[in-house]
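First the structure, in the form of structure tokens, and then the observations on it.
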Amino acid sequence: MKRDLFLTIEKDAEMDTPLRQDFAETLLKGVRSNIVQSIRAFRVQDLQDAGRSLGQHFLYANLATAQSKQDVLDAIAQQFMFPAHFGKNFDALYDCMTDPLHKSGPQPGFIVVLEHIPANGKFDKEAREQLLDVFRDTADYWADRKVPFRCFYSFL
């Protein structure tokens with residue numbers, strides 16, 4: 001009886017993986033592999049599940065409490081677990097998203113979510129575009145290396 005139960009669990013696990021991968025491929029079907037776009041109808045949990053099933057890195061930053069450029073960079077650094085020596089500027093953000101990861105070996109891909117980017121006087125349209133440009137440049141960097149990098153964002 002124990003053997004039958006083990007085989008049933010093993011078969012369920014084998015069947016579960018393709019279903020998850022199908023879900024991820026279906027979810028991301030209309031999304032280019034290297035893009036920065038509005039999160040729109042995507043749910044964060046679905047994107048995380050898709051990343052997991054595809055074996056990709058999932059990076060999430062909730063920026064709801066950030067007010068300024070420094071707050072945004074601090075929140076991203078903390079939530080992405082950047083090293084303590086992170087320079088807290090847009091150039092350093094790009095460097096952390098590319099160089100150390102590239103040097104650590106082949107990468108499976110990335111799904112990044114920047115949720116609730118502030119839209120206020122201290123983090124105006126120009127600052128938001130600069131932030132998104134860093135992630136667009138990062139997407140281009142990984143595209144050159146044939147590594148998927150999808151970044152989804154929303155504004156507060």
- request: Any chance you could count how many residues in the stretch 1-51 are loosely packed, with under 14 Cβ neighbours inside 10 Å and either aromatic (Phe, Trp, Tyr) or at pLDDT below 95 (or both)?
  value: 27
statement: If we keep only residues of the stretch 120-156 that are assigned to a loop (DSSP other than H, G, I, E, B) and surrounded by 18 or more Cβ atoms within 10 Å (Cβ to Cβ), then the residue farthest from the chain's Cα centre (by Cα) is PHE123
statement: Residue set LEU27, LEU101, LEU59; condition among the hydrophobic types (A, V, I, L, M, F, W, C) and touching a helix residue (DSSP H, G or I) at 6+ places or on another chain (Cβ under 7 Å); output residue LEU27
query: Of ALA64, ALA75, ALA84, which residue is of a type in the set (Gly, Ala, Ser), surrounded by fewer than 18 Cβ atoms within 10 Å (Cβ to Cβ) and at pLDDT 95 or above?
result: ALA64
- line: Contact list, first residue from the stretch 34-58 and more than 16 Å from TYR153 (Cβ to Cβ) and in contact (Cβ under 8 Å) with a residue 60 or more places away in the chain, second anywhere and among the polar types (S, T, N, Q) and not in a loop (DSSP other than H, G, I, E, B), beta-carbon distance below 6 Å, six or more apart or interchain, is none
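The values are calculated or read from the model by the stated rules, or taken from the named source; none is laboratory data. Because the structure is a prediction, the values reported are computed rather than measured. Positions of Cβ are backbone-derived with ideal geometry, glycine not excepted, and every protein chain shown enters the neighbour counts.
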